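S.K.: Below are the structure tokens for one structure; questions will follow.
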Amino acid sequence: MDRIESLDVLRGFALLGILLVNIIGFGLVSSAFLDPGIYLNPIGGIDYTVWAFVELSSEGAMRTLFSILFGAGVVLFVTGSTAKSGWLHYRRNFWLLVFGLINIYIFLWPGDILVTYALSGFVLWFMRNWKARSLLILATLLILIGSLQNLALKSSLEIARDSAEEMKISINKGQEVSEETAEWAQGWIEFQEDNQSEIDNIPNEVKKRTGSYASAYEYNLKMANDTIYYVIPFFLFLDALMMMVVGMALFKLGILDGGKEIRFYTKMMCIGFLIGLSINAYEVLLITNSNMDIIETNPYFKFTYHFGRLFMGLGYLGLILLLIKKEKLVSLRFRLACVGRMALTNYLMHSVIALFIFTGAGLGLLQKFSWSQLYLFVPLIWVLQLYVSPLWLKYFYFGPVEWLWRMLTYLKIPKMVK
């Protein structure tokens, strides 16, 4: 299997895996992502079990895998004997940005990653000729910066919470509260008020998002703007960039094309899963013991978050490449490759399907299913894409959105029908 096919298999696997996380954002209210405790308290039962399984196996890991593959794709596009110009690279990323904005604003999916990927792709051009060692050093630095940012955010909130408790005790005792303590306490009070206002707004959110497309669009507009102006620049850009740089390095080391021996991928899989699952299990334990405290459930408050998702991503890379090397699951491998070749079409299809199932543009079933019940939709969508993608590519050279993307990039109409 050549490197293009191996990348497609990995991309298809990651694309389907991302739905395990995104289905929560599609089918439940927006606060469910960062504050699952509003659904999972009291702890226990099938909903908690499903949440814990996804946290252990998939949350962050599939996005990491997708980012790694995007970084590898940039190297493939702009280097080597078939290297494309910087003009084509930037035009290609500009149109990816447009597709992402359509996904966020028209398909009503504020959890989109295409905008983040397009913006990160603009930066990756400047690292296209770096050696693998330099890329790994940069990736390590970016991961440390992201992890320290998470630690700083969590530490600040813990200080603020302790200050609020201290101020409450002092007031009850009639003691004077220092100005510094009062300022920290005010930060915690505002944080709690913001969280509570989101919870209080849930009935309105459900009403707006399920009323009609117009009302859902209106409600989504604020969330979409928050994604563009706050979430992406402060969290998602660094989140994606660090793993894309890892992907560039792994591609240049000849790892992603299946060029290493079976023993290498076996070690990669075992070490990745051992470390990744250990970190994720530790985080799940902290969350459970805190009774779903939002300071623990928010991934961007965890110092260990980026390490856990990186090693899980490496574990999955090792597993899939090992199966490819051993010529296992040939039929599934072929179908995953087809899903990967149509990754952009299939990713946007997730949003369109969710738009018509959960919002007022269609059935309006938002909040009608429990946490675990939502996962009944996941295998149905997987089967659909695993069967439709090969069927489509039997007759056409590209997925429909891939064809459009290619035409806009090269400014000429590619042959579509075989």
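S.K.: How big, in percent, is the set of alpha carbon pairs in segment 92-152 lying more than 14 Å apart?
M.R.: 67
S.K.: Which number do you get for Rg(Cα) / (2.2 N^0.38 Å) in segment 1-160?
M.R.: 1.23
S.K.: Further question: Which values, in whole Å and largest first, are the semi-axes of the equivalent ellipsoid of segment 89-202 obtained as the square root of 5 times each eigenvalue of the Cα gyration tensor?
M.R.: The answer is 43, 23, 8 Å, longest axis first.
S.K.: Quick check on segment 200-316: what are the equivalent-ellipsoid semi-axes from the Cα gyration tensor, as sqrt(5λ), descending, whole Å?
M.R.: 36, 21, 13
S.K.: Using modelled backbone amide H atoms (1.01 Å from N, in-plane), which distant-in-sequence or interchain residues come within less than 5 Å of PHE396's amide H?
M.R.: LYS418
S.K.: Please express the shape of segment 289-418 as an equivalent ellipsoid: the semi-axes are the square roots of 5 times the eigenvalues of the C-alpha gyration tensor, given largest first in whole angstrom.
M.R.: 32, 24, 17
S.K.: From the phi of every residue in segment 25-38, what ³J(HN,Hα) in whole Hz does the Karplus formula 6.51 cos²θ - 1.76 cosθ + 1.60 yield, where θ is phi - 60° and glycine or proline is x?
M.R.: The phi angles translate into x, 6, x, 10, 5, 4, 6, 5, 4, 9, 10, x, x, 5 Hz.
S.K.: Let me ask something additional. Whole-Hz ³J(HN,Hα) for each residue in segment 249-260, computed from phi via Karplus 6.51 cos²θ - 1.76 cosθ + 1.60 with θ = phi - 60°, x for glycine and proline: what do you get?
M.R.: Each residue of segment 249-260 in turn: 5, 4, 5, 5, 7, x, 8, 6, 8, x, x, 8 Hz.
S.K.: Could you sort 185-191, 169-175 so that the peptide with the highest average Cβ count within 10 Å comes first and the rest follow in order?
M.R.: So the peptides 185-191, 169-175, ranked by packing, come out 185-191, 169-175.
S.K.: Something else: Please state, to two decimals, what the Cα-based radius of gyration of the chain comes to when divided by 2.2 N^0.38 Å (N = residues).
M.R.: 1.02
S.K.: How large is log10 of I(q)/I(0) for segment 328-381 at q = 0.15, 0.20, 0.29 Å⁻¹ when the intensity is taken from the Debye formula with one equal scatterer per alpha-carbon?
M.R.: Values returned for q = 0.15, 0.20, 0.29 Å⁻¹ are -0.56, -0.82, -1.11.
S.K.: What list of ³J(HN,Hα) couplings, whole Hz, do you get for segment 405-417 from phi and the Karplus terms 6.51, -1.76, 1.60, once you set θ to phi - 60° and write x for glycine and proline?
M.R.: Along segment 405-417, the couplings run 4, 5, 5, 5, 6, 8, 6, 8, 7, x, 5, 9, 7 Hz.
S.K.: What is the packing order of peptides 287-293, 159-165, taking the mean over residues of other C-beta atoms within 10 Å and listing the highest first?
M.R.: Ranked by mean Cβ neighbours within 10 Å, highest first: 159-165, 287-293.
S.K.: Taking N as the number of residues in segment 186-242, what is its Cα Rg relative to 2.2 N^0.38 Å?
M.R.: That works out to 1.41 for segment 186-242.
S.K.: Before I look further, what does the chain give for accessible area per residue, probe 1.4 Å, in whole square angstrom?
M.R.: For the chain, the per-residue accessible area is 46 Å².
S.K.: Highest first, please rank the peptides 107-118, 199-210 by the mean number of other Cβ atoms sitting within 10 Å of their residues.
M.R.: Sorting 107-118, 199-210 by mean packing, highest first, produces 107-118, 199-210.
S.K.: Carbon-plus-sulfur fraction of the accessible area of segment 1-48, 1.4 Å probe, in percent?
M.R.: After summing per-atom areas, the C and S share lands at 60 percent.
The values are calculated or read from the model by the stated rules, or taken from the named source; none is laboratory data. Fair warning: this is a prediction, and the values are worked out from it, not measured in the lab. Using ideal geometry, Cβ is built from the backbone for each residue, glycine included, and neighbour counts are taken over all protein chains shown. Side chains are part of the model used for accessible areas, which takes the heavy atoms of the whole protein and leaves out ligands, DNA and RNA. Shrake-Rupley method; radii C 1.70, N 1.55, O 1.52, S 1.80 Å.
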